[in-house]
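Okay, structure first, notes after.
The values are calculated or read from the model by the stated rules, or taken from the named source; none is laboratory data. Quick caveat: nothing in here was measured; it's all calculated off a predicted structure. Virtual Cβ from ideal backbone geometry, glycine too; neighbours counted across all protein chains shown. The accessibility values were calculated without ligands, DNA or RNA, using every heavy atom of the protein model including side chains. Shrake-Rupley method; radii C 1.70, N 1.55, O 1.52, S 1.80 Å.
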Amino acid sequence: MTDRKPIIAANWKMHHDHFVAIQFTQKLSYLLDRQDTEAVEVVLCPPFTDLRSMQTTIDSDRIPVALGAQHCHAEDQGAYTGEISPAMLAKLTVKYVIVGHSERREIFGETDEMVNDKLKAIFKHNMTPILCVGETLEEREAGGTDAKVEGQVRAAFAGISKEQIARTVVAYEPIWAIGTGKNATPEDAEATIAVVRAAVGSVGGDDAAEAVRIQYGGSVKPGNIASLMERPGIDGALVGGASLDPEDFARIIRFRG
Ligand code: PGA
């Protein structure tokens, strides 16, 4: 048995303004009890404009959830119109930053090199990356899943210390399962997660491979979370659509029933 604490993160993407975000946070806190948040680390990754309001709500009501961001730039400051720096996020007590989500890679052209730079910047500000990796349907059908995720893991961790690799959260998200209602079977998810863990070990050593928490993401719902979390290799979930409703998200966090 491992002592990796499960981590379940909400990725709201471009949904919920700061008014909705405050209501959501309060409602979630009402739906969860102490046991839930002791058993599972809960992370909320809202749009940037919600962060300050949520930070205030979480602090003043002492809600045991962590704040995450969905994206950042690698530089501390500069002439990068529209971007947000990791230093700014750290000031808002953001603990986690999603990096390399497939939507960022596919729609906004984020490369493995950019992902690697961002990981370094996030660690520099004592935050923790949630590094996303995963294959397209074509890659899966061509038998390329393992090579794709191994390559993404190695590139992301180039030049990063073993201790930092061990602290990272990795989200394995098959791209064909995101927002489609099709999720990988728990067996398939666990098999690819084992490949991801081995790739982490090849760059960070056995201790990092054992310590790193690896989530599954892609159409996680209240109805399928328990079967995923039953697999010993799966340490949590990165949840998009089903994290937008506090009741659904609370049911996902309380997957033990
Ligand atoms: P989904 O999104 O749960 O809506 O499939 C997951 C993600 O993109 O992180």
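Considering region 60-114, the residues that are touching a His at 6+ places or on another chain (Cβ under 8 Å) and among the hydroxyl-bearing types (Ser, Thr, Tyr) include one that is farthest from Asn126 (Cα to Cα), namely Tyr80.
If you check Ile225, Ile253 for being within 30 Å of Asp17 (Cβ to Cβ), within 12 Å of the ligand (Cβ to nearest atom) and surrounded by 17 or more Cβ atoms within 10 Å (Cβ to Cβ), only one passes: Ile225. If you go through region 1-32 and keep only what is surrounded by 14 or more Cβ atoms within 10 Å (Cβ to Cβ) and part of a loop (DSSP other than H, G, I, E, B), you end up with Arg4, Pro6, Trp12, Lys13, His15, His16, Leu32. In region 177-191 there is no residue that is in a helix (DSSP H, G or I) and of a type in the set (Ser, Thr, Tyr). The selection criterion, being among the aliphatic types (A, V, I, L, M), in contact (Cβ under 8 Å) with a residue 40 or more places away in the chain and open to solvent by less than 40 Å² (accessible area, probe 1.4 Å), holds for Leu119. Here Glu150 meets each of (1) open to solvent by 40 Å² or more (accessible area, probe 1.4 Å); (2) modelled with pLDDT of 95 or more; (3) of a type in the set (D, E, K, R); (4) in contact with a Phe, Trp or Tyr (Cβ under 9 Å, 6 or more places away or on another chain) with one exception, condition (4).
For region 220-250, a residue qualifies if it is over 12 Å from Ala189 (Cα atoms), in contact (Cβ under 8 Å) with a residue 40 or more places away in the chain and in contact with a Gly (Cβ under 8 Å, 6 or more places away or on another chain), and the qualifying residues are Leu238, Val239, Gly240, Gly241. Only one of (1) out of contact with any Asp or Glu (no Cβ under 7 Å at 6 or more places or on another chain); (2) assigned to a loop (DSSP other than H, G, I, E, B) fails for Ala74. Which number is that? Just one mismatch for Ala74, condition (1).
Of the candidates Val99, Val94, the single residue that is surrounded by 14 or more Cβ atoms within 10 Å (Cβ to Cβ) and farther than 30 Å from Asp33 by Cβ is Val99. Considering only residues that are part of a strand (DSSP E or B) and touching a residue at least 60 places away in the same chain (Cβ under 8 Å), look in region 201-215 and name the one that is least open to solvent (accessible area, probe 1.4 Å). It comes out as Gln215.
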